[in-house]
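K.L.:
What follows is a single structure, and I will ask about it in a moment.
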Amino acid sequence: MEKLLVAIGAALVVGSIVWWFFGKHTTTEKEADMSNDMQEVTVTVSGGYTPNTVVLRQGVPAKIVFERKDPSGCFNEVVFPDFGVHEELPVGDKHPIAIDTSKPGEYTYACGMNMFHGKVVIK
Amino acid sequence: MSVKARFIIAAVLSAPMLAEMILGPLTGWKLPGHTWTMLGLTTVIMIVCGAPFIHTAWAAFRNHHANMDTLIAIGTSTAYLYSIYAMMNHQPVFFEVAAFVITFILLGQVFEEMTKGRASSAIEKLLGLQARDAEVLRDGEVVLVPINEVTVGDIIRVRPGQKIAVDGVITEGSSTIDEAMVTGESMPVTKKVGDAVIGSTINKTGAFTFKATKVGEAALLAQIIEMVKNAQVSRAPIQKIVDTISNVFVPVVLIIAIITFVAWYVFLGADASQALMYGVAVLIIACPCALGLATPTALMVGTGRGARMGILVKNGEVLEAANNIKTVVFDKTGTITLGQPTVTDIIGDEKEVLLLASSLEHSSEHPIAQAIVDKAASLGVVPQKITRFKAVEGKGVTADIAGTRAFVGNVKLLDVQLSGDLAAEMQRLQNEAKTVVIVGRAGWVIGLIAVQDVPKKTSSEAIAILKKRGLSTVMVTGDNQRVAEAIAAQVGIDEVIAEVLPGDKANRVTSLQQSGNVAFVGDGINDAPALAAADLGIAMGSGTDIAIESGGIVLVKNDIMDVVRALSLSQKTFGRIKLNLFWAFIYNTLGIPVAAGLFVWAGLTLSPELAGLAMAFSSVSVVVSSLLLNRARLA
C-alpha cells in the first residue's frame, strides 16, 4: 500500500515537472523607456533574465542595465554573440551594456555557460 | 562569499566526517557525539556553502528553468532531509553525502575558475600590450602625454627600448622593431623613413620620430582585440545542437532520478535509503556543466592562440567551415609572390651591368627600376653621377655617364640587333616569363637584367604541405598564361586560371565550389568579392594594412605558411570542440545508468560522493582539454 502511494506520488511529480518545464508558459516582455533620445531597460538577473524579452526601437541608442541579484556562478558573465559582448556582471551591481540598434531583428543572449537565455527584439 | 571561501569552509567541516569514514572501519573510531556532530557540521555546510545553489535553483525554477544548481540543490537537500528523518527514526544516516557532494562540486568550480581564467587570458594579454603614454612633439617641445590624448598627425619620438605608442609612419631615423606581439613575427624588423610602424610594438636599437596615422579604435592592435573579442563570444553552429539538448537536459534528469528511486523502492524491493542514494547519485552525476564549457573554452583558447601568432579567426562559424575545405585558391600577386619585381638573373659582368643600370635608374620610381636599385644596394654597388638624363616613354632611359651615352631599356629602345648569344639568353629568360631589360653603353650591349615577381620564400613549402594534406591548390591571376604557369611550376601549384579580370575572380571561385568547399587566399583589399564568395576567405595583410572586414580569417603577417597554420589551427580547434562534446555526452550517457544502479549485477555502482567528484572533474577535464590546444602542433 505504501509503495503504491509512493509510485502514484512519483508519477504526479513527474507529471508536474513535465508541465512546469516543458509546458507553454508566457514569457515576460518589456519595452524600453525612452528619454532624451536614449532608451533604457532594466533586466533583473535572478535565476533567469526578467523580463525575458526586451523590445528596443531601431536606430535609437540603447542600454540594457543588468541588475544581478543571483550569486550563482552561472550568471558571472553575460554574452551577446551577435554584438561581440562578453562582460562580467558583479553581484548586486547595475551593469549597463550598450546595444547596437542599427539592424532590426531578434537577438538572443545568454549566460557564460549558455544555460539561461534572454532575447532582445529590435524593431 | 567567493567560491573559494565556500570550498574551504566545506572542506574543513567535511574533514572530520571523512576521517570517520576512513578510520571507522579500521579502528572503530567514531566522531564524538556521532550523528549529532554530523548533523551540526552538515547543517553549517548546507547553510553557508550550499544555500547559493538552493537560492539559484529556486529562482530558476520560478522562471521555468532548471540548471546544474537545481540538480545539486535537490540532490544534497534530499540526502540532508532524509538523514534528519532517519535520525529521528534511529536508522542509518548519510549526512556526509550532502557534505562531500557540496565540497567536491565547489572544488570543481574553484578549478574551473582558475583554468577558465587561463583560457580567456588572451584578451587581457593583448590589452596589456597597449602603451600608456607617448613623447609627443608639441609647440617644438617633447612632452609626455597619455595615450588617449595622442591625435592623428602628432609627431612622436621613440627612444631605444621604448614601446611605440600608436600606428604611424617613420619621418626621421631608423631602427629595428620587435613586432612579435602583434604579427607573431619572431625576428625584429628593420624600419626606415617612410615605413609603417605598429602601435604597441617595441623599438629595439635606434631612435626615430614618426607621425601618428591611426589612434584609438582605428589602431591595428585595437582592431585585433575587437576581432578576438568577437570571435571568443561567437558560437560555432554545432553549439545549436548542444543548446537544444541542454535546455531539456535537467528536467529529464530529474524525471530519470525519480524513476530510479521508484524502480528500486517499489519494484525491486530495496529499502528507502538505498533507493534514495541511487536517485541522488543520478542527480549529481548529470550536472551538465562539461557540456556548457566544451565549445566556449576551446574557442577561446584556439582564437587566443591564433591571435598570438598573427592569425585572427573571426568566429566559430569560420572554424567549422575551415574543417571541410577541399580546394585552396590563391591570388597570385602579393599572395604567392612578393607583389613586386625582383632581379633574378644578370647576364654579362654582374658588377658592371648593375653599376650602369642602377646609376641610370636611381631616380626612377618604376617598379623594375626599384628592383634594380635594390639589387645594386644589396651587393654594395654605389650608383655614379649621371647627366643629360632622358626617359623614353615605354622604352627605357638614357643618360651620360663618365662621358659616354648609356642606356637601359627594352628591345624597342634599340635600333641594333642583339648578338647571337645574348639573343638566345634573352629568349630563354623570356620563356621563364621574366621581364628582360637590356643594358648598354656607347651603342654596345653589355648585358641583360631579368626581373620577375618571384614567389615568397615559403610559398612552395606551404603549398607542398597543403597538397600533402590532400587539398587541391589553384592559382587565380589577371596575369597572362605564360607568367602564371611559370610561377605555378616554381611553387608546385596544381591548377592555373590566368587572365582573369579582377571582377571575375569571385565567379571562378563559385565554379570551383561545384566540386567541394573552397578557401580563397587573397590580399584582402582587392580581393574582397572573391573572399566573400568562398566558403572560407583568408585575407593576408601586411603590417598595418589589414582589411579586417574582408576575410573570415585575417593573417597579420604576409606569410603564406600562415595559411597552413590557420587551417591547422581551425581544424584542431574544431576537432577539440567535437572531442569535448563527445566526452561530455559520453560521460553523462554512461554515468547516469551506472549511478542509477543498472550495473549492480556487475558490481559497478556509483555513490553520490563519487558522482560529485567525477562531475567536478568532468568540467575541469574539458577545460584542460581546451587548454591543451595551446600545445597542439600546427603545420
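The values are calculated or read from the model by the stated rules, or taken from the named source; none is laboratory data. On a predicted model such as this, the values are computed, not experimentally measured, just so you know. Don't worry about glycine lacking a Cβ; one is built from the backbone with ideal geometry, like all the others, and counts go over all protein chains shown. The accessibility values were calculated without ligands, DNA or RNA, using every heavy atom of the protein model including side chains. Shrake-Rupley method; radii C 1.70, N 1.55, O 1.52, S 1.80 Å.
K.L.:
Using modelled amide H (1.01 Å from N, peptide plane; none on Pro or chain starts), what sits under 5 Å from the amide H of B:GLY199, excluding residues fewer than 5 places away?
P.N.:
For B:GLY199, whose amide H was placed from the backbone, the distant partners under 5 Å are B:ASP167, B:GLY168, B:LEU220, B:LEU221.
K.L.:
As an exercise, find the ratio Rg/Rh for chain B from alpha-carbon atoms, using the Kirkwood inverse-distance average for Rh.
P.N.:
With Rg and the Kirkwood Rh in hand, the quotient comes to 1.17.
K.L.:
Now, a different point. For chain B, what is the mean residue ellipticity at 222 nm derived from helices alone (per DSSP H run of n ≥ 4: -39500 (n - 2.57); sum divided by total residues; nearest 500 deg cm²/dmol)?
P.N.:
After summing the helix terms and dividing by residue count, I get -16000 deg cm²/dmol.
K.L.:
Continuing with the same structure: Along the range B:199-208, what does the Karplus equation 6.51 cos²θ - 1.76 cosθ + 1.60 (θ = phi - 60°) give for ³J(HN,Hα), rounded to whole Hz, x for Gly and Pro?
P.N.:
Result, rounded to whole Hz: x, 6, 7, 10, 6, 9, 9, x, 9, 7.
K.L.:
Okay, moving on. Using a probe radius of 1.4 Å on heavy atoms only, what accessible surface per residue do you get for chain B? Whole Å² is fine.
P.N.:
With the other protein chains kept in place, chain B gives 44 Å² per residue.
K.L.:
Expressed as an acute angle from 0 to 90° and rounded to the nearest 10, what is the orientation of the C-alpha long axis of helix B:95-119 relative to the principal long axis of chain B?
P.N.:
10 degrees
K.L.:
Taking only protein heavy atoms into account and a 1.4 Å probe, give the accessible area per residue of the range A:35-118 in Å².
P.N.:
Accessible surface, normalised per residue, equals 40 Å².
K.L.:
Can you work out D for the range B:490-635 in µm² s⁻¹ from Stokes-Einstein, where Rh is the Kirkwood radius over C-alpha pairs, the temperature is 37 °C and the viscosity is 0.692 mPa s?
P.N.:
Translational diffusion coefficient: 172 µm²/s.
K.L.:
Could you state how much accessible area A:CYS74 has, in square angstrom rounded to the nearest 10, with a 1.4 Å probe and all protein chains kept in place?
P.N.:
10 Å²
K.L.:
Could you name every residue in the range B:14-58 that has 40 Å² or more less accessible surface in the full protein assembly than in its own chain alone (probe 1.4 Å, ligands and nucleic acids excluded)?
P.N.:
With the partner chains in place, the range B:14-58 has these residues losing at least 40 Å²: B:HIS55, B:THR56.
K.L.:
I'd like the accessible area for B:TYR265, computed on protein heavy atoms only with a 1.4 Å probe and all protein chains in place. Round to 10 Å², please.
P.N.:
30 Å²
K.L.:
Antiparallel DSSP bridges in the protein assembly as shown: what percent, to the nearest 5?
P.N.:
Expressed as a percentage, antiparallel bridges in the protein assembly as shown total about 70.
K.L.:
Tell me the total accessible area that A and B bury against each other, 1.4 angstrom probe, in square angstrom rounded to 100.
P.N.:
The A and B chains share an interface burying roughly 3300 Å².
K.L.:
Right, here's the next one. Residue farthest toward the positive end of the dipole of chain B, with Cβ of Lys/Arg at +1 and Asp/Glu at -1: which of B:PHE389, B:LEU501, B:THR42?
P.N.:
Of B:PHE389, B:LEU501, B:THR42, it is B:THR42.
K.L.:
Ignoring ligands, DNA and RNA, how do B:PHE210, B:PHE104 rank by accessible area with a 1.4 Å probe, largest first?
P.N.:
These residues rank, largest area first, as B:PHE104, B:PHE210.
K.L.:
Give the share of C-alpha pairs in each 5 angstrom bin for the range B:1-112, from 0 to the last occupied bin, in whole percents, shortest bins first.
P.N.:
All Cα pairs considered, the percentages come to 2, 12, 22, 22, 19, 12, 7, 3, 1, 0, 0.
K.L.:
Same structure again: Name the residues of the range A:71-98 whose accessible area, probed at 1.4 Å, falls by at least 10 Å² once all protein chains are in place instead of their chain on its own?
P.N.:
A:PRO71, A:SER72, A:CYS74, A:ASN76, A:GLU77, A:VAL79, A:PRO81, A:GLY84, A:HIS86
K.L.:
Now for a separate question. Quick one: 3J(HN,Hα) in Hz for the range B:594-607, Karplus 6.51/-1.76/1.60 with θ = phi - 60°, rounded, Gly and Pro as x.
P.N.:
5, 5, 6, x, 5, 10, 4, 4, 9, x, 9, 9, 9, 6
K.L.:
Please list log₁₀ I(q)/I(0) at q = 0.25 Å⁻¹ for the range B:277-324, using the Debye equation with identical point scatterers on the alpha-carbon positions.
P.N.:
Summing over Cα pairs of the range B:277-324 leads to -0.93.
K.L.:
Against the 2.2 N^0.38 Å scaling, with N counting residues, where does the protein assembly as shown land? I'd like the Cα-based Rg ratio to two decimal places.
P.N.:
1.27
K.L.:
Looking only at chain B, where both bridge partners belong to it, what percent of the DSSP beta bridges are antiparallel (to the nearest 5)?
P.N.:
Of those bridges, close to 75 percent are antiparallel.
K.L.:
Considering only C-alpha atoms, what is the centroid distance from the range B:461-483 to the range B:46-74, in Å?
P.N.:
Taking the Cα centre of the range B:46-74 as reference, the centre of the range B:461-483 is 57 Å away.
K.L.:
Give me the distance between the Cα centres of the range B:387-408 and the range B:557-625, rounded to whole Å.
P.N.:
73 Å
K.L.:
Related question: Assigning unit charges at the beta carbon (Lys, Arg +1; Asp, Glu -1) and nothing else, what dipole magnitude in debye, to the nearest 20, does the protein assembly as shown show about its Cα centre?
P.N.:
Dipole size: approximately 940 debye.
K.L.:
Right, another one. By how many nm would the segment from B:THR510 to B:ALA218 grow when fully extended, if each residue of separation counts as 0.36 nm and the alpha-carbon distance is taken off?
P.N.:
Difference between extended and current length: 101.8 nm.
K.L.:
On to the next question. Within 10 Å of each Cβ in B:256-268, how many Cβ atoms from other chains are there, averaged over the peptide?
P.N.:
Partner-chain Cβ atoms within 10 Å, mean over residues of B:256-268: 3.
K.L.:
Only four residue types carry charge here, +1 at the Cβ of Lys and Arg and -1 at the Cβ of Asp and Glu. Report the dipole size of the range B:326-386 about the Cα centre in Debye, rounded to the nearest 20.
P.N.:
Its charge dipole is roughly 220 debye.
K.L.:
What is the helix-to-structure angle for B:239-262, meaning the angle in degrees between its Cα long axis and the longest Cα principal axis of chain B, kept from 0 to 90 and rounded to the nearest 10?
P.N.:
10 degrees
K.L.:
Counting only protein heavy atoms and using a 1.4 Å probe, what share of the accessible area of chain A belongs to carbon plus sulfur, as a whole percent?
P.N.:
Percent of accessible area from carbon and sulfur atoms in chain A: 54.
K.L.:
Which one, B:ILE446, B:GLY420, B:GLY403, is farthest towards the positive end of the dipole of the range B:376-446 when Lys and Arg carry +1 and Asp and Glu -1 on their Cβ?
P.N.:
Going by the charge dipole, the pick is B:GLY403.
K.L.:
Work out from phi, with θ = phi - 60° and the Karplus expression 6.51 cos²θ - 1.76 cosθ + 1.60, the ³J(HN,Hα) of each residue of the range B:570-587, listed in order in whole Hz, and give x for Gly and Pro.
P.N.:
Once rounded to whole Hz, the list reads 4, 5, 5, 5, 5, x, 5, 4, 5, 4, 4, 5, 4, 5, 4, 5, 4, 4.
K.L.:
Past the 25 Å Cα-Cα mark, which pairs from B:LYS163/B:LYS229; B:LYS204/B:LYS375; B:LYS192/B:LYS214; A:LYS30/A:LYS63; B:LYS467/B:LYS572; B:LYS125/B:LYS572?
P.N.:
Long pairs (Cα-Cα over 25 Å): B:LYS204/B:LYS375.
K.L.:
Can you give me the angle between helix B:459-468 and the longest principal axis of chain B, using Cα atoms only, in degrees from 0 to 90, rounded to the nearest 10?
P.N.:
40 degrees
K.L.:
At q = 0.17 Å⁻¹, work out log10 I(q)/I(0) for the range B:381-476 with the Debye formula, treating every Cα as an identical point scatterer and leaving solvent out; two decimals please.
P.N.:
These q points yield log10 I(q)/I(0) values of -0.83.
K.L.:
Further question: Roll a 1.4 angstrom probe over the protein heavy atoms and tell me the percent of accessible area of chain B that is carbon or sulfur.
P.N.:
Ligands and nucleic acids excluded, carbon and sulfur reach 59 percent.
K.L.:
Please report how far the C-alpha centroid of the range A:31-72 lies from that of the range B:1-37, rounded to the nearest whole angstrom.
P.N.:
45 Å
K.L.:
Show me the chymotrypsin sites (Phe, Trp or Tyr not before Pro) within the range A:55-123 that DSSP assigns to loop and that have at most 12 other Cβ atoms within 10 Å of their Cβ.
P.N.:
none
K.L.:
Another question, if that's okay. Which one of B:MET21, B:VAL253, A:ASN76 is farthest out on the positive end of the charge dipole of the protein assembly as shown, using unit charges on Cβ (Lys, Arg +1; Asp, Glu -1) and the Cα centre as origin?
P.N.:
B:MET21
K.L.:
Only four residue types carry charge here, +1 at the Cβ of Lys and Arg and -1 at the Cβ of Asp and Glu. Report the dipole size of the range B:494-635 about the Cα centre in Debye, rounded to the nearest 20.
P.N.:
Approximately 700 debye in magnitude.
K.L.:
A further question on this structure: I'd like the antiparallel share, as a percent to the nearest 5, of DSSP beta bridges with both residues in chain A.
P.N.:
Taking every DSSP beta bridge within chain A, about 60 percent pair in antiparallel fashion.
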